Amino acid sequence: MREPKALPYLLIAPSALFLTGLFLIPLAQTAVLAFQESGGAWGLGNLRRMTDELNFPDALANTFKVVLLAVPLQLVLALGMTMALRNIRRGRDLLVWVWSIPLGISDLAAGLVWLAILNDQGWLNSALFRLGLIAQPQAWLTYETPAALLAAIVIAEIWRATAIVFVILLAGVQLLPKEYEEAADVFGATPWQRFFRITVPLLKPSIQTALILRTVLAFEMFAMAMALGGRNFPVLVSEAFNAQYFSQDYGVAAAYAVLVMTISVAATVLYLVALRVPAEQR
Amino acid sequence: MASITIERVAKSFGEVRALAEVDLTVADGEFLALLGPSGCGKTTLLRIVAGLESQTTGRVLIGARDVSALPPRKRGLAMVFQNYAVFPHLTVYENVAFGLRMARADKARIAAQVEKAAALLHIEALLRRHPAQLSGGQRQRVAVARALAVEPAVLLMDEPLSNLDALLRLEMRAELKAVLSEAGTTTIYVTHDQTEAMGLADRIAVMQAGRIEQIGSPSEIYDRPATRFVGGFVGSPPMNFLELPVQDGKVDLGGLALAAPPGAGARVLLGLRGEDIALARPAEAGFAFTLKVAELLGPQVLLTGVAAGGQPLRIVLPAAGPLPPLTAGGDILLKPDPARLRWMNEAGKALEGSP
């Protein structure tokens, strides 16, 4: 049977319409909202009001701190997990399964789990107290302990979202023919040399995908910061949320959204350029 | 340069026995081919020598050094892989230089060695390219150059030509032979292609089911196969085997009486190469052959038919010589070259005293 030429387009149409209707149009509306002032005139007023907000510098700094700390650590951890897994025969599937569990947990739920562990009456405090390591429960998640709060959020983020990096890298590693590493081994490369000179360069496309996905999502961090830090740890998206629902300043909320999107696009472009694999090197 | 000694090396993958106590010595500078069908254990044996696979029992020596427990990088060898395994993210130059860089050779030596290896394999013009920009044959050359650039004591090759098309394979085979005999490196070459083994090797080890069936020079393997398997695996067409009864010291080959070999039982196996059978002249004693198919293969004619009570037989006659009428079903009278009879017992083992 001959396929009608329109068939592929018909099959693609629902997703294309869905994306246009529920992504591109709201995106355009947000941009309009961000750059249109109350009188209807175009301008940068909303952006200026956003940057003038009391929490803006903290929100920007916090967001970047979490991304710059968590994402590299996640990459290193996921690479380590992927490599370790290759030397494991027994229990390999179980380990993959266990390591993938966080993938199925919503970020708010994960945030609440970590809150239960880390708050002043949490499991960590009880454990340390019973072991006699602390004289009284400690509060870590307050504005008075910014370093501990940041560390808690980074650790929770690492726990929650390393799995996606791991899964992408694992898929990439499984596609690499083992002859490359064997050849490197035969020609004198130590395990570290094999890893840095052969495996990592060949894994670059997977690393790129994982980093783009992870970084974009990390810049959009919201629920985890809210659960653990609340008002003590403003991030860009939580400020957008506050502008939208508490100040009801839709222009500023849209300005935050545009800022987060711009940062995400910039990060993506950076990765695309920095980790580009020219066609002849594939 | 170094010899390779394989002592009682066995390998099991769980319940599956891939190698059964193999002993093998490759002399310094020798080119040995491991020949056998897929699954015979030849690649496993090569990978054990390389250190990419660990033997279950036994040991491997390179020179006088026991390398059994050493990782590949400490064995001082080079290898050419079946799929070449040239690194796609490195230029041809960096691929060829890889082993030298790992050995921390100085810049001048790296440049000199890469240049030498590239010249030997005619890839000087490709040094700045990446493997994706090369043809299969060119990648093959890069893989060989990478191996030769480190001037290894031992060179291992795993079916290096099997991914090339037939014409290129023939060309690369001749070139490999020239390049490797010049380098004089001790080489183990794994192949399932008997023409490659015959053409390249000083000695051939024919393997089957995890064991070495026979080791010998190409002519020994071809002329004096130790077992029915070897005779049937080497040569195109393979050696013919006719199962014949022995009576009163005589063997009856379809009407032709042959003196029974010493040590023959009630029945013997007669191995006969297709080209060692000729047409019987008129009035000469011969055996009857019923022709089924005749194929002209350039300088030769391959005749397929039956003899000695319906047993299949293939003979090769020079196309230029006198030929019988080539009609299917026709009977032809043939005679074997008496000096080239290969006698075996019923189990397919050569009888002592057989030429």
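Read-outs throughout are calculated quantities, based only on the coordinates presented, and are distinct from any laboratory measurement. Please read all numbers here as calculations on a predicted model, not as lab measurements. Positions of Cβ are generated from backbone atoms using ideal geometry, with glycine treated the same way; all protein chains shown enter the neighbour counts.
Of the trypsin sites (Lys or Arg not before Pro) in segment A:39-132, the ones in a loop by DSSP (not H, G, I, E or B) with at most 16 other beta carbons within 10 Å are A:ARG89, A:ARG90. The distance separating the Cα centre of segment A:72-94 from that of segment A:100-116 comes to 21 Å.
Of the chymotrypsin sites (Phe, Trp or Tyr not before Pro) in segment A:80-122, not one is in a loop by DSSP (not H, G, I, E or B) with at most 16 other beta carbons within 10 Å. Note on A:ILE105, B:ILE277: ascending count of other Cβ atoms within 10 Å places them as A:ILE105, B:ILE277, the fewest first. Residue by residue, segment B:136-146 carries 3J(HN,Hα) couplings of x, x, 5, 4, 4, 5, 4, 4, 6, 4, 4 Hz when phi is fed to the Karplus relation 6.51 cos²θ - 1.76 cosθ + 1.60 (θ = phi - 60°); x denotes Gly or Pro. A prolate overall shape is assigned to chain B, the ratio a/c of its alpha-carbon gyration tensor axes (a ≥ b ≥ c) being 1.5 or greater and a/b exceeding b/c. What separates the Cα centres of segment B:223-287 and segment A:215-282 is a distance of 84 Å. If you take every DSSP beta bridge whose two residues both sit in the protein assembly as shown, what share of them, in percent to the nearest 5, is antiparallel? So the antiparallel bridges amount to about 75 percent of the total.
Ignoring the sites themselves, chain A has its longest run without GluC sites (Glu not before Pro) in a DSSP loop having at most 14 other Cβ atoms within 10 Å at A:145-282. Among beta bridges from DSSP that stay inside chain B, the antiparallel ones total about 75%. Per-residue Cβ neighbour counts within 10 Å put B:LEU164, B:LEU35, A:LEU228 in the sequence B:LEU164, A:LEU228, B:LEU35, beginning with the fewest. Between the exposed loop cleavage positions of chain B, defined as trypsin sites (Lys or Arg not before Pro) in a non-H, G, I, E, B DSSP state with at most 15 neighbouring beta-carbon atoms within 10 angstrom, the longest gap is B:129-355.
Overall shape: oblate for segment A:68-281, with the ratio a/c of the largest to smallest alpha carbon gyration tensor axis at 1.5 or above and b/c at least equal to a/b.
From the alpha carbon centroid of segment B:137-178 to that of segment B:8-65 is 21 Å. Listed by number, the DSSP H helices of chain A that run 24 Å or longer by alpha-carbon position along their axis and have mean Kyte hydropathy of at least 1.0 are A:56-86, A:146-175, A:250-274. Applying a threshold of 26 Å to the alpha-carbon distances of B:LYS250/B:LYS292; A:LYS178/B:LYS74; A:LYS178/A:LYS204; A:LYS204/B:LYS42; A:LYS204/B:LYS11; A:LYS204/B:LYS116 flags B:LYS250/B:LYS292; A:LYS204/B:LYS42; A:LYS204/B:LYS11; A:LYS204/B:LYS116 as lying beyond it.
Sum -39500 (n - 2.57) across every DSSP H segment of at least 4 residues in chain B, then divide by the residue count to get the 222 nm mean residue ellipticity, nearest 500.
-7000 deg cm²/dmol
Of all DSSP beta bridges in segment B:68-199, what percent run antiparallel (nearest 5)?
Details: 1 of 10 bridges.
For segment B:68-199, the DSSP antiparallel bridge percentage is about 10.
Computed from backbone phi with θ = phi - 60° and the Karplus coefficients 6.51, -1.76 and 1.60, the 3J(HN,Hα) list for segment B:114-122 is 5, 4, 5, 5, 5, 5, 4, 9, 6 Hz; x is used for glycine and proline.
Estimated at 0.36 nm per residue, the fully extended path between B:THR327 and B:SER38 surpasses their Cα-Cα distance by 100.3 nm. Residue by residue along B:111-118, Cβ atoms of other protein chains within 10 Å of the local Cβ number 0 on average.
Taking other C-beta atoms within 10 Å as the exposure proxy, A:LEU17, B:LEU326 rank A:LEU17, B:LEU326 from fewest upward. Looking at the square roots a ≥ b ≥ c of the eigenvalues of the Cα gyration tensor of the protein assembly as shown, which shape do they give, rounded for a/c under 1.5, prolate if a/b is larger than b/c, or oblate? Prolate.
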